[in-house]
Amino acid sequence: MCRKCVITFFLLLFCSLVFAEMCPSVQDIQKNRLHGWKIYDSDDNTPLPPKRVAQFIKGAKQFTLAEWPDARRHVGTVHCYYRDDNGSQLEAYLAKDNFIPTNVNHYWYSVSGSMNCAAGAERCLFQPNMMQGKQLAKK
């Protein structure tokens, strides 16, 4: 019985890592491989106009932070932030809907109602939010 529990635990851990996703690499941004990602202005959360999209793609040089802004409401949008060569934030972020953080290694931390991860894009993992929009019990 205990052996089955251990095997199940490691199988679930493996599956969560296999199906985990991460913020696009700088190389992916530079080559415009942003499948499913949208770029927003970080000041007013509106989609970036084409001219600013081109500036973002050209200027992104280093991953800064992954953010899951609505942790309290369990809304599954992940934001990814980047900076330029001078270390300045690009005043824009990449966003992808319907995801939740994968916190197996405890890289995500809570900040004012959101979850943040600054451990590097390859460590700030998230996975599809399978429960998004599903109701578990009758009201």
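Residue farthest toward the positive end of the dipole of the stretch 21-128, with Cβ of Lys/Arg at +1 and Asp/Glu at -1: which of 27, 69, 81?
27
Treat every Asp and Glu Cβ in the stretch 21-128 as -1 and every Lys and Arg Cβ as +1, leave all other atoms uncharged, and give the resulting dipole magnitude about the Cα centre to the nearest 20 debye.
Approximately 200 debye in magnitude.
So what does the Cα-only Debye profile of the stretch 19-62 read at q = 0.28, 0.29, 0.34 Å⁻¹, as log10 I(q)/I(0), no solvent term?
-1.14, -1.19, -1.30
Mind checking the full-extension length gain between residue 3 and residue 43? Use 0.36 nm per residue of separation minus the Cα-Cα distance, one decimal, nm.
Going from the current span to full extension adds 9.2 nm.
Can you list residues whose amide H is under 5 Å from residue 76's amide H, if they're 5+ apart or on another chain and H is modeled 1.01 Å from N?
Result for residue 76 returns 98, 99.
Which length gain, in nm to one decimal place, applies between residue 122 and residue 62 when the Cα-Cα distance is subtracted from 0.36 nm times their residue separation?
Going from the current span to full extension adds 20.4 nm.
Please report how far the C-alpha centroid of the stretch 84-117 lies from that of the stretch 18-65, rounded to the nearest whole angstrom.
First find each Cα centre; the distance between them is then 13 Å.
Using only the Cα atoms of the stretch 21-128, what do you get for the radius of gyration and for Dmax, in Å?
13.0, 38
Roughly speaking, what is the stretch gain from residue 86 to residue 31, that is 0.36 nm per residue apart minus the C-alpha to C-alpha distance, in nm to one decimal?
Taking 0.36 nm per residue and subtracting the Cα distance, the gain is 17.7 nm.
Just so you know, all these numbers are worked out from the coordinates, no wet-lab data involved. Computed from a predicted model, the values in this text were never measured in an experiment. Positions of Cβ are generated from backbone atoms using ideal geometry, with glycine treated the same way; all protein chains shown enter the neighbour counts.
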